[in-house]
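Step one of this worksheet: look at the structure below.
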């Protein structure tokens with residue numbers, strides 16, 4: 001299957017399955033009502049018909065995959081994420097882009113990504129409490145930090161480009177390992193040891 005790099009394309013594919021599994025629960029913003037249906041991981045029945053099409057929720061640590069961190073700010077405009085917009089970086093054969101890397105979004109990455117033909121900037125607010133352009137929100141763990149389930153190949157593209165890019169490692173999103181699916185590495189053509197080292201290098205500590 002041809003890789004889908006355009007957000008509109010992948011939403012068009014995901015929406016029918018997500019609404020079939022849980023009608024009316026295809027969130028666009030991370031408010032409390034959009035998060036609750038998915039709490040409980042694999043024991044939760046909210047995914048319905050999707051259950052057989054999603055890989056077991058195991059993260060790179062070998063423990064239960066955690067939902068991506070979402071802001072506690074009540075006026076947040078941070079979008080819901082994941083291929084199925086569940087706030088989980090699920091792995092699925094329905095998702096050829098493998099949106100399995102839980103990444104902290106920064107302006108440096110967005111600019112780099114746009115230069116490679118994958119402009120994600122319109123997904124995130126330019127200003128406000130959850131804008132990745134706000135300097136305070138570019139720090140892991142900040143109340144307004146903006147996280148996204150990123151295509152594994154796009155994250156790896158930034159990793160490799162950082163070796164010669166003027167901004168260096170600044171273009172590589174930091175990774176929340178607890179929320180990154182164990183199957184991310186299957187979407188990247190590189191030696192296992194190199195992938196392990198790079199994930200460890202860019203993992204958010206603490």
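The numbers here are math on the coordinates, done by the rules we state, and not lab data. Note that the structure is a prediction, hence the values are computed from the model and not measured. FYI the Cβ positions are ideal-geometry reconstructions off the backbone, even for glycines, and counts take in every protein chain you see.
A few points about this structure:
- Relative to the 2.2 N^0.38 Å rule of thumb, the range 49-206 has a C-alpha radius of gyration ratio of 0.98.
- As a rough guide to protection, the peptides 114-124, 195-205, 168-178, 89-99 ranked by mean Cβ packing within 10 Å, highest first, stand as 89-99, 168-178, 195-205, 114-124.
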